[in-house]
Amino acid sequence: MLSLDRVILPLRVLIVLVFVGLVVAQVMSLPGEFGQQAREAPELGAAPWILLAFGILEIVCVQVVLVCIWRLLGLISADRIFSEKAFVWVDVLAWTIVVAWLMLVGVAAWLMTVFLTTPELRDPGNGVLPVGLVLIGGVVVLVVIVLRALLHQAAAMRSDLEEVI
């Protein structure tokens, strides 16, 4: 069986690398890309700026989730994953994912109206990606809620077991 200690360090290294990549995307990639679109296609109106704000906010949500995972890994290492502190980090993680999903639903709904009201964009395939992402996001939200409930059940079982011992 693989020891959790052997997995935590590589996972933390990957979290740092992902976090740095997300900061680069927030500060350089997304603003540059959407700024260029706004300059080259003024007929798009506010669309590039709306998508830029959405992209940056979604990245912030991913960064919050990464911080929560980092903190939970520390609690696992200290054998305190069933503590109240862990429940706080799990709750922050879960609510952040819910917020990210709700933003995705809003942007997907906006995109669908754009697709339906713009003759050049009226293509049945245009709605597939936003709808698919909303469905996948909904699955992620529900899985996280189930995992949160399982953590609470495991904590209760551990507490009961400690009382017996």
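The values are calculated or read from the model by the stated rules, or taken from the named source; none is laboratory data. Source: prediction; values computed, not measured. No Cβ is skipped: glycine too gets one built from the backbone with ideal geometry, and neighbour counts run over all protein chains shown. Surface accessibility is based on the protein's heavy atoms, side chains included, excluding ligands, DNA and RNA. Shrake-Rupley method; radii C 1.70, N 1.55, O 1.52, S 1.80 Å.
Assorted remarks:
- Rounded to 10°, Cα long-axis angle of helix 30-40 versus longest principal axis of the chain: 10
- Counting only alpha carbon atoms, the long axis of helix 47-77 and the longest principal axis of the chain meet at about 10°.
- For the chain, the relative contact order comes to 19 percent (Cα pairs under 8 Å, sequence separation of at least 6).
- For the range 81-149, trypsin sites (Lys or Arg not before Pro) are listed when DSSP marks them as loop and at most 15 other Cβ atoms sit within 10 Å of their Cβ; the list is Arg122.
- One decimal place: the segment Phe87-Leu14 gains 23.9 nm when fully extended, by the rule 0.36 nm per residue minus the C-alpha distance.
- Between the residues Val88, Gln37, Leu72, the greatest Cα displacement towards the positive end of the dipole of the chain, with unit charges on the Cβ of Lys, Arg, Asp and Glu, is found for Leu72.
- Taking a point 7 Å from the Cα of Leu102 along the Cα-to-Cβ direction, the residues of the range 135-163 with backbone N closer than 16 Å to it are 138, 141-142, 145.
- Taking a ≥ b ≥ c as the square roots of the eigenvalues of the alpha carbon gyration tensor, the range 19-59 is oblate, as a/c is not under 1.5 and a/b does not beat b/c.
- The mean accessible area for residues of the range 25-81, using a 1.4 Å probe and ignoring ligands and nucleic acids, is 56 Å² per residue.
- Full extension of the chain between Leu151 and Leu121 yields a length gain of 6.3 nm, computed as 0.36 nm times the residue separation minus the alpha carbon distance.
- Angle in degrees between helix 4-24 and the longest Cα principal axis of the chain, rounded to the nearest 10: 20
- Protein heavy-atom surface of the chain, 1.4 angstrom probe: 74% of the accessible area is carbon and sulfur, with nucleic acids and ligands not counted.
- Rolled with a 1.4 Å probe across the full set of protein chains, the surface gives Phe34 an accessible area near 30 Å².
- When the Gaussian network model of the chain links Cα atoms closer than 10 Å, the mean-square fluctuations of Ala41, Ala25, Ala155 top out at Ala41.
- Point-charge dipole on Cβ atoms (K/R +1, D/E -1) for the range 1-61, about Cα centre, debye to 20: 280
- Identified option (computed log10 I(q)/I(0) by the Debye sum over Cα atoms at q = 0.12, 0.19, 0.20 Å⁻¹; candidates [x] -0.49, -1.37, -1.53; [y] -0.77, -1.22, -1.27; [z] -0.70, -1.28, -1.35): [z]
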